[in-house]
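Student: Next up is a structure, given as structure tokens.
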């Protein structure tokens, strides 16, 4: 044995950051080792784009003769972020099921890094997803008419939503038994992503459904980024629809405030 | 070795763990000598895994104290983690990464820094004969290779104490042999190994000392030879014709052994381990004759694995009353 095996002595704050980065790096290595992961994750959004823009698109009338592709694309971005919590949940339950989580927990690493590494890693992954989706959107004719700053801010709002949903993903991932059960989370993800302003304005839905869709956090983000991109964003007169920009910031903050402590608590309860 | 722990790698006293109404550990004690391979043997659900999870800091005990690798389990948790390794069914490697990427990641997380983590990964790959497969995804590994990588991942800091939780469960004989060889190599380097297993043979192959656990308690403790003498030697088996004679047969068997006979009334059968086989057999036969018991079969038999467990645990798997008269070779707390 030649390597010096004495661990480096640094502050716990240092290790919280460095260990978290090691965990993020692990997530990035997944993309390198399995580039097809991105396609699997984007499979549903891409098929939805094709379905809604090309199959239903000609029958879609969102009023004022607005272009449906320009309306649907930002919705697609928001929906991809909304479904993202399933990727988080799946990764969490896989680690738990395989015993990887227990290996981490038996090591002298910063305990927070398992959760924070997952969080930051998934946001980075979501940024890659968005990049690929945006390129597809550009190819089929979507454009941002906003300034560079507005456009970047719109993408920030999307990642901000994804960041908030990580905690729901971790919380749910730690809550379900195995990967098969995690597949059932689609039953939650589907209405969460779809009953929103992603594909149709809530004002065109039956009143009760439209009300739910309006108050869906995904709708606020979708409407906010449509406004920022300068894409058609038909909204009704309700307060929630009028304040999409504000709510695109507030909703994720609220979700984080509720689910971050719940996720951490569930993680700590593994030692019960 | 320092005097405070008397050369013990693990000293656990009165560990208790409850899950709702189920008591997984019920005052479990364990002493593991430094430099030894210690087998923790017991049927499914006996509390082996719970004990390992507590001693490796994965779960917290409801009561009891333990010193692990010289550090206090409760107060000095991170220090325990630096000094131990955990491998087996509940501590896995990442299947998507390569073997090398796994070891480098764990090296970083053990705070070696990136360059030493790289160097250590290369060393361990060599040591566990994985260099050729180092840059393949773990998904492509055979069962034996995977367990070896698992062992290597637990060896990053060359811990003084390794926990191997059922390290060969589900492996074919070849994979099992590979893992055994790797464990022997660890021991040659002076690592203390605590091994849980359901296989008596595995404990026999590897362990210097065995603790038998059942229903969350230690029920026997000794070297394999001692335990075998107690449980694995010849036994006299008597089957009587009439069910009413079972008690008489039990008395005859009890008279020839220090151990309590196992009685199976449904099969009208009594079994007792004996040391002087022929003398014991003759004595049992004589006593049965004197009592006028009609016998279907009398003979000497080697015990089956089931009987070994039955003998040590004092009850069949589903029985609810623990035996109070089990042999306790060493000062076992009750």
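Student: Out of the residues in region B:150-164 that are crowded, with 24+ Cβ neighbours inside 10 Å and under 16 Å from the mean Cα position of the chain (by Cα), state the one that is nearest to the other protein chains (Cβ to nearest Cβ).
Tutor: B:163
Student: Among strands (runs of 3 or more DSSP E) lying entirely in region B:10-85, which contain 2 or more residues that are within 23 Å of residue A:6 (Cα to Cα)?
Tutor: Values: elements: B:22-33, B:37-41, B:63-68.
Here the list reads B:63-68.
Student: Pull out all pairs, ordered by first then second residue, where Cβ-Cβ is under 9 Å, the residues are six or more apart or on different chains, the first lies in region B:37-48 and is without any contact (Cβ under 8 Å) to a residue 60 or more places away in the chain, and the second is assigned to a loop (DSSP other than H, G, I, E, B).
Tutor: B:45/B:215; B:45/B:317
Student: Out of B:15, B:30, I need the residue that is within 26 Å of residue B:180 (Cβ to Cβ) and at pLDDT 95 or above. Which one? Reasoning before the result, please.
Tutor: Working: B:15 fails: within 26 Å of residue B:180 (Cβ to Cβ).
Residue meeting the stated conditions: B:30.
Student: Continuing with this model, one more query. Anything in region A:1-17 that is within 9 Å of chain B (Cβ to nearest Cβ) and free of Cβ contacts under 8 Å to residues at least 40 places away in the same chain? List them, or say none.
Tutor: Those that are within 9 Å of chain B (Cβ to nearest Cβ) and free of Cβ contacts under 8 Å to residues at least 40 places away in the same chain: A:1, A:2, A:3, A:4, A:5, A:6, A:8, A:9, A:10.
Student: Please verify whether region B:131-146 includes one or more residues that are on the phi > 0 side of the Ramachandran plot and at pLDDT below 95.
Tutor: No; the residues of region B:131-146 include none that is on the phi > 0 side of the Ramachandran plot and at pLDDT below 95.
Student: Would you confirm whether or not region B:105-114 contains a residue that is surrounded by fewer than 19 Cβ atoms within 10 Å (Cβ to Cβ) and more than 8 Å from chain A (Cβ to nearest Cβ)?
Tutor: Filtering region B:105-114 down to residues surrounded by fewer than 19 Cβ atoms within 10 Å (Cβ to Cβ) leaves B:113-114.
Okay, now just the ones that are also more than 8 Å from chain A (Cβ to nearest Cβ), so B:114.
Yes.
Student: Can you tell me which of (1) more than 10 Å from every other protein chain (Cβ to nearest Cβ); (2) out of contact with any helix residue (DSSP H, G or I) (no Cβ under 9 Å at 6 or more places or on another chain) is the one residue A:75 doesn't meet?
Tutor: Residue A:75 satisfies every listed condition except (2).
Student: Where in region B:221-334 are there helices (runs of 4 or more DSSP H), lying fully within it, with 1 or more residues that are at pLDDT 85 or above?
Tutor: Numbers: elements: B:224-231, B:246-254, B:277-290, B:305-313.
It comes to B:246-254, B:277-290.
Student: Being within 16 Å of residue B:19 (Cβ to Cβ) and either touching a helix residue (DSSP H, G or I) at 6+ places or on another chain (Cβ under 7 Å) or more than 14 Å from chain A (Cβ to nearest Cβ) (or both) is the filter; apply it to region B:40-50 and report the residue that is surrounded by the fewest Cβ atoms within 10 Å (Cβ to Cβ).
Tutor: Here is the first cut: in region B:40-50, the residues within 16 Å of residue B:19 (Cβ to Cβ) are B:44-50.
Remaining after also requiring either touching a helix residue (DSSP H, G or I) at 6+ places or on another chain (Cβ under 7 Å) or more than 14 Å from chain A (Cβ to nearest Cβ) (or both): B:44-48.
On the way: B:44: 8, B:45: 14, B:46: 25, B:47: 24, B:48: 25.
Restricting to residues being within 16 Å of residue B:19 (Cβ to Cβ) and either touching a helix residue (DSSP H, G or I) at 6+ places or on another chain (Cβ under 7 Å) or more than 14 Å from chain A (Cβ to nearest Cβ) (or both), the top hit is B:44.
Student: Moving on to the next point. Across region B:111-150, what is the total count of residues that are touching a residue at least 60 places away in the same chain (Cβ under 8 Å) and out of contact with any helix residue (DSSP H, G or I) (no Cβ under 7 Å at 6 or more places or on another chain)?
Tutor: Of the residues in region B:111-150, the ones touching a residue at least 60 places away in the same chain (Cβ under 8 Å) are B:147, B:150.
Restricting the remaining residues to those that are out of contact with any helix residue (DSSP H, G or I) (no Cβ under 7 Å at 6 or more places or on another chain) gives B:150.
Going through region B:111-150 one residue at a time, the tally reaches 1.
Student: Answer with yes or no whether residue B:55 is within 25 Å of residue B:146 (Cα to Cα), in contact with a helix residue (DSSP H, G or I) (Cβ under 6 Å, 6 or more places away or on another chain) and assigned by TED's automatic domain parsing to the domain that holds residue B:204.
Tutor: Judged against the criteria, residue B:55 is not a match.
Student: Any chance region B:125-136 includes a residue that's within 9 Å of another protein chain (Cβ to nearest Cβ), over 17 Å from residue A:33 (Cβ atoms) and assigned to a helix (DSSP H, G or I)?
Tutor: Looking through region B:125-136, at least one residue is within 9 Å of another protein chain (Cβ to nearest Cβ), over 17 Å from residue A:33 (Cβ atoms) and assigned to a helix (DSSP H, G or I).
Student: Before we move on, is residue B:221 touching a helix residue (DSSP H, G or I) at 6+ places or on another chain (Cβ under 9 Å), over 15 Å from residue B:36 (Cβ atoms), touching a residue at least 24 places away in the same chain (Cβ under 8 Å) and surrounded by 20 or more Cβ atoms within 10 Å (Cβ to Cβ)? Walk me through it before giving the result.
Tutor: On the way: touching a helix residue (DSSP H, G or I) at 6+ places or on another chain (Cβ under 9 Å): yes; over 15 Å from residue B:36 (Cβ atoms): no; touching a residue at least 24 places away in the same chain (Cβ under 8 Å): yes; surrounded by 20 or more Cβ atoms within 10 Å (Cβ to Cβ): yes.
No; evaluated as a whole, the condition is false for this residue.
Student: Is it true that some residue in region A:20-32 is within 14 Å of chain B (Cβ to nearest Cβ), loosely packed, with under 15 Cβ neighbours inside 10 Å and free of Cβ contacts under 8 Å to residues at least 24 places away in the same chain?
Tutor: So far as region A:20-32 goes, yes, one or more of its residues are within 14 Å of chain B (Cβ to nearest Cβ), loosely packed, with under 15 Cβ neighbours inside 10 Å and free of Cβ contacts under 8 Å to residues at least 24 places away in the same chain.
Student: Then there is this: Tell me which residues, restricted to region A:134-151, are surrounded by 21 or more Cβ atoms within 10 Å (Cβ to Cβ) and either within 13 Å of chain B (Cβ to nearest Cβ) or in a helix (DSSP H, G or I) (or both). Full working, then the answer.
Tutor: From region A:134-151, those surrounded by 21 or more Cβ atoms within 10 Å (Cβ to Cβ) are A:137, A:142, A:144; that's our starting set.
The answer is A:137, and nothing else.
Student: So which residues in region B:181-194 are surrounded by fewer than 16 Cβ atoms within 10 Å (Cβ to Cβ) and touching a residue at least 12 places away in the same chain (Cβ under 8 Å)?
Tutor: Scanning region B:181-194 gives B:184, B:185, B:189, B:190.
Student: Somewhere in region B:196-206, is a residue in the same structural domain as residue B:178 (by TED's automatic domain parsing), assigned to a strand (DSSP E or B) and either touching a residue at least 12 places away in the same chain (Cβ under 8 Å) or buried (at least 19 other Cβ atoms within 10 Å of the Cβ) (or both)? Step through it out loud before you land on a result.
Tutor: As a first pass, look at region B:196-206 and keep what is in the same structural domain as residue B:178 (by TED's automatic domain parsing): B:196-206.
Retained after the next criterion (residues that are assigned to a strand (DSSP E or B)): B:196-197.
Then drop every residue that is not either touching a residue at least 12 places away in the same chain (Cβ under 8 Å) or buried (at least 19 other Cβ atoms within 10 Å of the Cβ) (or both), which leaves B:196-197.
Among the residues of region B:196-206, at least one is in the same structural domain as residue B:178 (by TED's automatic domain parsing), assigned to a strand (DSSP E or B) and either touching a residue at least 12 places away in the same chain (Cβ under 8 Å) or buried (at least 19 other Cβ atoms within 10 Å of the Cβ) (or both), which makes the answer yes.
The values are calculated or read from the model by the stated rules, or taken from the named source; none is laboratory data. The shown structure was predicted, so the numbers you read here are calculated from the model rather than taken from an experiment. When we count neighbours, we look across all protein chains shown, and the Cβ atoms used for this are built from the backbone with ideal geometry, even at glycine.
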